[in-house]
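What follows is calculated from the coordinates using simple rules that are stated; it is not laboratory data. Since the model is a prediction, treat every value here as computed from it, not as a measurement. Positions of Cβ are backbone-derived with ideal geometry, glycine not excepted, and every protein chain shown enters the neighbour counts.
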Amino acid sequence: MAKDRSIGLKYVFLTLACLAVFWFSGRMNFTFSQSVSSTIFSASVLATLLFWESRVAIVFFGVAGLILTKTVDIDHLVRFSSLEVILFLVGMMIVIGLIREANFFNWVLCRILTLKKMTAVKLVIIICLSSALLACLVDEVTSIIVMMALIFVLADYFEVNALPFLIISVMCTNIGSSGTVLGNPIGILIASKAGLTFEDFMLRAFPLMLVVLLAAIAILLFWYRGEIRKMDAKIKEVGNNRETFAKLICVPMTKDIKNEFLIFVGTLIFISLHHRLEAAFGFTRNSLLLSIPLISAGTIMLWRREKAREYIEKDVDWWTLIFFMLLFAQVGTLKYTGVTDIISKGIAGLANGSQFFLISFILWVSALGSSVLDNVLLVATFIPVIGSLKDMGVETSVLWWSLLFGGCLGGNITMVGSTANIVAMGMLEKSGKARISFFQWFKIGLVIGLASTAIVWAALTGFTRFFAA
């Protein structure tokens, strides 16, 4: 009964909020189409927060409302759905599914974790670097799934609490996801809309990510020094028995691992060279970036024909991708109806020509916003705003990096701030090893989130010309 009452109150709140947005937009002299698109998008955002498990159903209703009110036509709706981003993610999910199936990452990490003369500090640094770099190579969710499995084995073997090491891994995963175009869905979304290449990310985002990561490692080592000392004592107690430990976590090198590694590395090499290949062969900008994962995925499904349907049905997260696609359509409608132009003019008016203000505003708003909202949702909202600022003659190159880092780093602040956090918490609860409260996470999350965002803020505002090049 109490649960039904709570759900009922949420629906009442959602309805009143939608009416308030529609009324307020009318008072702001919005057209009917602008009011409808603003109200439907606001309802989708708010309903996603209130009814997370029903978010796909909610965006279904929202898109239907846009069509039935003639706020957008079907041709534009399809154009706004960012199909190129969706197809890129589909291709990469299939490639990662193949690699995950072969336990390649487990094979690599177990070799690292069984190094001689291991200490707890070295172990934590390895966990941090592995989490971040793995997120760069694949994505934050795959990274945390692999790392969580290894951390559980570590905790059981050394008889220590898994929770601190889980939090350490998740926070470094979120930081690492900002380093390349592959680390987070918002990376490919920003790259496709801003015309950024893999090389752009490696030249600008990756070095800055490493600086932030080193600062985060220093904070985490200090924050969890007590747990690290306990781990160090356990390591000395068991005598660093590498053979026994290796048997628990290591998988043997097989022919499948070698073949699948070649496909994965080949995909990464071609993605990293896409800009040069596009220029050499006269392809449209970023066309190879978006096509290479599809070619790799097609090759995998031909090679493993008996598992092709399984890759599509199990490894591709259709629930999330459909949500993204319909959300992008709603955001595109905001641009189509002119709402984002109005918002951009307001922001430009506040900035009064100050690049410092615009960088700071987008970085901090996206960081704080992504701590409570899905970062894809937040970034998708900002993209047309930045596009409108560019149409107004504002230099926007640095703003894209502000949006990228804000969306990734803000996810560390709360336990619901990123998909990696939610996946990790779910695995932790399912394992029955520990539970964590909101404020237990928030204390360290706020420190890491604010410190890392401050470093990026100093870099973007202090070296604006470099990031604008």
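So if the hydrodynamic radius of the range 1-71 is defined as the Kirkwood radius over C-alpha pairs, what does Stokes-Einstein give as its diffusion coefficient at 37 °C and 0.692 mPa s, in µm² per second?
The Stokes-Einstein estimate is 258 µm²/s.
Could you check the spin-label model distance between Arg229 and Ser437? Points 7 Å from the Cα along Cα→Cβ, value in nm.
So the two model labels end up 2.4 nm from each other.
Report, to one decimal in Å, the Kirkwood hydrodynamic radius for the chain based on all distinct Cα pairs.
Mean inverse Cα-Cα distance, inverted, gives 23.4 Å.
How much mean residue ellipticity at 222 nm does the chain get from its helices, if each DSSP H run of length 4 or more adds -39500 (n - 2.57) and you divide by all residues, to the nearest 500 deg cm²/dmol?
Theoretical 222 nm ellipticity from helices: -25000 deg cm²/dmol.
Given a Förster radius of 22 Å and the C-beta distance between Ala451 and Val121 as r, what FRET efficiency does 1/(1 + (r/R0)^6) yield to the nearest 0.05?
Given R0 = 22 Å and the Cβ-Cβ separation, E is 0.65.
Which of the pairs Lys10/Lys443; Lys10/Lys314; Lys10/Lys335; Lys255/Lys307; Lys117/Lys234 have their Cα atoms more than 24 Å apart in this structure?
Over 24 Å Cα-Cα: Lys10/Lys443; Lys10/Lys314; Lys10/Lys335.
Set the Förster radius R0 to 22 Å, insert the Cβ-Cβ distance between Ala280 and Phe206 as r into 1/(1 + (r/R0)^6), and round the FRET efficiency to 0.05.
Computed FRET efficiency for Ala280 and Phe206 comes out at 0.40.
For Tyr311, Tyr157, what ranking results if the residue with the fewest other Cβ atoms within 10 Å of its Cβ goes first?
Neighbour counts put them in this order, fewest first: Tyr157, Tyr311.
Kindly express, to the nearest 10 degrees and within the range 0 to 90, the angle between helix 438-462's C-alpha long axis and the longest C-alpha principal axis of the chain.
Roughly 70 degrees, rounded to the nearest 10.
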